[in-house]
Amino acid sequence: MSTYVVVGLQYGDEGKGKITDVLSAKSDYVVRFQGGDNAGHTVYVGDEKFVLHLLPSGVLQCKGKCIIANGVVVNPKAFIKEIEQIESKGLKTDHVFISRRSHVIMPYHILLDTYREEEQGGTQIGTTKKGIGPCYEDKIARVGIRMIDLLNPEVLREKIEKNLKVKNSLFEKYFEKPGLDVEEIYQEFLALGERLKDSIVDTELEINEAIKDGKNILFEGAQALMLDIDFGTYPYVTSSSPSTGGVCTGAGVPPTALENLIGVAKAYTTRVGNGPFPTELDNELGENIRQIGSEFGATTGRPRRTGWLDLVSLKHACMINGINNLVITKLDVLTGISPLKIATRYKTEDNKIIDYFTSSTTKLYDYEPLYEELEGWEEDITNARTYDELPVNAKKYIEFIENYLGINVYLVSVGPERSQNIIRKELF
Ligand code: GDP
Ligand code: IMO
Ligand code: MG
């Protein structure tokens, strides 16, 4: 009985949802601790596809409780829509709870996100336009509306009035767009609070008691370290901390309680949205990987940029997260490609060879990745269920990653379906 943290190590979409789903079957709690409905976590159960945005991916299999903790930003309308979708497939959702401390994504956050992106032209971040950044801004500025506020009519009205005074002036004067109506938003969010009141609870006490009682608790990260507000490619990042450290502040859990720190990486790299991507393959091979790997955003449908595996950025991500167990997904997508390249160092603009990730996002565009080449394999690996069933070159690929990072790969994913895994060591 222990704690497990699943985080993304690249630019998101590593297959965290699939891994969380697998692990949640044995979990008493599955907890989301950051991000919001910008996430898109895909789980295949047989031929049936589920895409979770705000709900923990554990909702499908976890027999215990699914918690949206304080660090998450919650769009209540998106929450209800997702609950209804899951229920329409015959699954129960009465085990899902939201922290009273979670901040609420309001309509003005979504508009602000959208107007800012439109204004930027070619230099936009490429956000999901779900209002994530503006909601976290208000949280830090101490003017945010929390889930608990939806249950208190006076507080809710006062906070909406105060916020709209500022936001409407920005919309009307700066963006030359229409302002929003206080009464309309107040009535809508009061009704949402009334509808959700039984699901809005204090979560940190229960999570800490469950830790003391020795339950299995799985913390599910959204986004990934290279999109981290501090350690990603700022400003082309999201507005939260998708790292293992984010669990502590995002769920109210002490660092000493975190044990199994599981980092998920694809066997190659993808990125959706703008920003530097040193190993990008902006060519026919990149397009082939996109098609074979179905690399299209689960939230926005945008084509994902594709490229070689980048161990320089992966080392950075493992260091910040303290990863002690690796998961490599989508190894099957590399079948038939040879040679395979893996970036192990960068050459800087002044010809220095480095093997650490830089804080200078602008310089990163001029860095040249230096690659090691490995021979590929031709065999279909989607039916492999033990490590020994993998072709020797596929094993060499995995072992190259392990040796470079000094961390064991405990699970290799060879297909999107729940059962398409090679588990080398049972963690539970
Ligand atoms: P997440 O955001 O990290 O949960 O990842 P997404 O769900 O956005 O994207 C991962 C995509 O890859 C989804 O469509 C998954 O169904 C799919 N997937 C996950 N693991 C594998 C795998 O090992 N092989 C293949 N071919 N697809 C996978
Ligand atoms: P999952 O959990 C991939 C990206 C956006 C954009 C940047 C900021 O499915 O891995 P935001 O809307 O968060 O302000 O956008 O972050 N982004 C993701 N990319 N997977 C995600 O989530 C992402 N969530 C946000 O494309 O570049
Ligand atoms: Mg995703």
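Among (1) surrounded by 14 or more Cβ atoms within 10 Å (Cβ to Cβ); (2) touching a strand residue (DSSP E or B) at 6+ places or on another chain (Cβ under 9 Å); (3) assigned to a loop (DSSP other than H, G, I, E, B), where does Lys425 come up short?
(1)
Do you know which residues across segment 179-196 are assigned to a helix (DSSP H, G or I) and either among the aromatic types (Phe, Trp, Tyr) or open to solvent by less than 90 Å² (accessible area, probe 1.4 Å) (or both)?
Correct list: Val182, Glu183, Ile185, Tyr186, Glu188, Phe189, Leu190, Ala191, Leu192, Gly193, Leu196.
Pairs under 6 Å by beta carbon, first residue assigned by TED's automatic domain parsing to the domain that holds Val312 and in contact (Cβ under 8 Å) with a residue 12 or more places away in the chain in segment 358-371, partner part of a helix (DSSP H, G or I) and exposed (fewer than 15 other Cβ atoms within 10 Å of the Cβ), six or more apart or different chains?
none
Need the failing condition index for Asn70 against (1) outside the structural domain of Asn216 (by TED's automatic domain parsing); (2) farther than 24 Å from Ser419 by Cβ, just the number.
If we test Asn70 against (1) outside the structural domain of Asn216 (by TED's automatic domain parsing); (2) farther than 24 Å from Ser419 by Cβ, just (1) comes out false.
With the requirement that a residue be open to solvent by 50 Å² or more (accessible area, probe 1.4 Å) and in contact (Cβ under 8 Å) with a residue 24 or more places away in the chain, what does segment 162-178 give you?
Listed by number, the residues that qualify are Leu170, Lys177.
Could you tell me which of the residues Asn383, Asn403 is of a type in the set (S, T, N, Q), assigned to a helix (DSSP H, G or I) and either away from ligand 1 (no atom under 16 Å from the Cβ) or modelled with pLDDT of 95 or more (or both)? Give the steps one after another, and end with the answer.
Values: Asn383 fails: assigned to a helix (DSSP H, G or I).
Just a single option satisfies the conditions, and that option is Asn403.
With the requirement that a residue be outside any loop (DSSP other than H, G, I, E, B), over 21 Å from Thr270 (Cα atoms) and open to solvent by 10 Å² or more (accessible area, probe 1.4 Å), what does segment 18-32 give you?
Quick first cut of segment 18-32, residues outside any loop (DSSP other than H, G, I, E, B) only: 18-24, 29-32.
Applying the additional criterion that residues be over 21 Å from Thr270 (Cα atoms) yields 21-24, 29-32.
Within segment 18-32, Val22, Leu23, Tyr29 meet the criteria.
Take the residues of segment 245-288 that are more than 22 Å from Thr127 (Cα to Cα) and touching a Pro at 6+ places or on another chain (Cβ under 8 Å): which is nearest to ligand 3 (Cβ to nearest atom)?
The extreme case among them is Gly245.
Starting from residues that are within 16 Å of ligand 3 (Cβ to nearest atom) and in a strand (DSSP E or B), keep the ones in segment 304-343 and report whichever is most open to solvent (accessible area, probe 1.4 Å).
Arg305
Which one of Gly15, Gly35, Gly40 is open to solvent by 20 Å² or more (accessible area, probe 1.4 Å), small (Gly, Ala, Ser) and out of contact with any Asp or Glu (no Cβ under 7 Å at 6 or more places or on another chain)?
Unique residue meeting the criteria: Gly15.
It is to be established whether one or more residues within segment 55-72 are more than 22 Å from Ile200 (Cα to Cα), within 14 Å of ligand 3 (Cβ to nearest atom) and touching a Gly at 6+ places or on another chain (Cβ under 7 Å).
The answer is no; no qualifying residue exists.
The values are calculated or read from the model by the stated rules, or taken from the named source; none is laboratory data. All figures in this text were calculated on a predicted structure; none of them were measured in a lab. Counting neighbours? That spans all protein chains shown, and the Cβs are built from the backbone with ideal geometry, glycine included. Remember, those area values only see protein heavy atoms, side chains included, never the ligands or the DNA or RNA. Shrake-Rupley method; radii C 1.70, N 1.55, O 1.52, S 1.80 Å.
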